[in-house]
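Before any comments, here is the structure.
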Amino acid sequence: MFLRRLPKFEYHAPASVAEAQGLMTKYGSEARFIAGGTDLLIAMKKREAAPGRLISLGNIAALKGIADDGSGGVQIGALTTLGEIERSPIVRKGALALCDAVEVMGSAQVRSLATIGGNLCSGVPSADTAPPLIALKAALKLVGPAGERQVPVEQFFTGPKETVRKADEILAAILIPKPEAPSAGCYLKLMRRHAMDLALVGVAAWLKLDGGKKVCVEARIALGAVAPTPIRVAEVEALLVNKTIDAGVVAEAARIAGMQCRPISDVRASLEYRCSMVEVLTRRAVTEAHRRIIG
C-alpha cells in the first residue's frame, strides 16, 4: 500500500457542536468532520479523499464520555476512544459484547486515538462495533441544523461506506438500552492475524432466556464483513426463539447463518470460506452468549 504525504488543508478546531455545524454550513462539500483521524487521514494519504478543510470534533467535550443513562442503559459519546470503552466498567457491565469488539480492534496505540463514532461513520461493512451494537438494540443520536434524531444502528448503514448521516449532521452519542435479564451477548471476529487486522467475518449474538434460564425468548444475531452492510439474520433468530439452547439447536442456527450471508471473494478470503466461517463463529457466539447467562 503506497501512502503519500497529506495534501494541504485548512484545520478548524471548534469548541461546540453549534460552532462545528456552522463551519460545515459555511464550507459545505469542501470540508469534512474529523474525529480520531485513524481512517480519514489514511484515506487522504492514499488520495481516496482530499478535503480542503478538516473540522475537528476533538475539542467538543459534549461528544465525549461514558455514562449510565439513568435507567440502567449506557450512553457513549461518539468521540469516546476505543481504549476508553475497553477499560470502562460501565460498558463491561451493560454491553459486554461491545467490549469483545473493541478488544480486537487495531493496536493499543490505535485504540487510544480511534473513536467509536468514527468507526461507525466510516460505513465500512467490516466495522467491528456495528454487529454488537445491532445485537444490543443500540441507537445513534444524530444532531444537525434541523434538530436531533435517533436512528437504530441496524438502519444506519445503507451501503459500503454509506450511511444515513447527512454531511452536516454530527453523530453525538451511542445509546444502548438497559440489558434485559436474564440476557447476554457475545462478539467474535475472524482475522488473518491475531491482532491489528480487518474482520474477515464478524458475528454478534444476543440471547434472552425465560426466568428459569431454560428457554430462549428472544434472540438477535448480527453479521459483519459478509454483506454490503452489517446485517441481522432473522431466520436464525426465529429458529432460536422458544427453544432450549442445546448443541443441536445451535448447530442448525449456525448452518442457516452460513446460508444467509452475502459475502464477496477478495484477496483476503473467498466467498465460500467466509460463509463457512460464519457458521463456525455463529455456533461459538451463540454458545458463549448462552454460557454467560447460565454461568
State the Cα centre-to-centre distance between the stretch 150-185 and the stretch 220-244 in whole Å.
17 Å
Debye-sum result for the stretch 111-248 in log10 I(q)/I(0), which assumes one identical scatterer on each alpha carbon, at q = 0.11, 0.13, 0.20 Å⁻¹
-0.44, -0.61, -1.19
Could you point to the residue in Pro263, Ala219, Leu6 farthest towards the positive end of the chain's charge dipole, with +1 and -1 charges on the Cβ of Lys/Arg and Asp/Glu respectively?
Leu6
Expressed in angstrom and ordered largest first, the alpha-carbon extents of the stretch 25-115 along the principal axes are 42, 29, 17
Would you compute, for the Cα atoms of the stretch 183-294, the largest minus smallest coordinate along each principal axis and list the three values in descending order, in whole Å?
47, 26, 22
Which entry is the computed semi-axes √(5λ) of the Cα gyration tensor in Å for this structure: (i) 48, 20, 16; (ii) 34, 22, 15; (iii) 31, 25, 17?
(ii)
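How big is the charge dipole of the chain about its Cα centre, in debye rounded to the nearest 20, if each Lys and Arg gets +1 on its Cβ and each Asp and Glu gets -1 on its Cβ?
Here the size comes out at about 540 debye.
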GNM, the chain, Cα, under 10 Å: largest mean-square fluctuation among Thr129, Thr38, Thr282?
Thr38
Can you work out the PRE-style zone for Ala238? Point 7 Å along Cα to Cβ, and I want the residues of the stretch 249-283 with backbone N under 19 Å.
249-262
Please compute the modelled spin-label separation between Val110 and Ala13, points set 7 Å along Cα→Cβ, answer in nm with one decimal.
2.6 nm
Could you tell me the convex hull volume per residue, in Å³, taken over the Cα atoms of the stretch 64-176?
94 Å³
Cα convex hull of the stretch 130-174 - mean projected area over all directions, nm²:
3.0 nm²
Read phi for every residue in the stretch 57-68 and hand back ³J(HN,Hα) as whole Hz from Karplus 6.51 cos²θ - 1.76 cosθ + 1.60, θ = phi - 60°, with x for Gly and Pro.
9, x, 9, 9, 4, 5, 9, 10, x, 10, 8, 6
At a Förster radius of 45 Å, what calculated FRET efficiency corresponds to the Cβ-Cβ distance of Arg87 and Val249, to the nearest 0.05?
0.80
Farthest toward positive dipole pole in the chain [+1 Lys/Arg, -1 Asp/Glu at C-beta], among Ile174, Val91, Met277:
Met277
Two-site label geometry, Ser270 and Leu41: point separation in nm, points 7 Å out along Cα→Cβ:
3.9 nm
What residue among Ala97, Ala18, Ala114 has the largest mean-square fluctuation in a Gaussian network model of the chain, using Cα springs under 10 Å?
Ala18
In vacuo Debye sum over C-alpha of the stretch 10-56, base-10 log of normalised intensity I(q)/I(0) at q = 0.13, 0.18, 0.28 Å⁻¹, listed in q order, is -0.27, -0.51, -1.04
The stretch 139-197: trypsin sites (Lys or Arg not before Pro) in DSSP loop, at most 13 other beta carbons within 10 Å:
Lys166, Arg192, Arg193
What FRET efficiency do you get for Val151 and Asp68 if R0 is 25 Å and r is their Cβ-Cβ distance, rounded to the nearest 0.05?
0.70
Looking only at the stretch 123-139, which residues have a backbone nitrogen under 13 Å from a spot 7 Å from the Cα of Val164 in the C-beta direction?
138-139
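Readers should treat all values here as calculations from the given coordinates under stated rules, not as data from a laboratory. In this text, all values refer to a predicted model and were calculated from it rather than measured experimentally. A quick note on method: Cβ atoms are made from the backbone with ideal geometry, for glycine too, and the neighbour counts reach across all protein chains shown.
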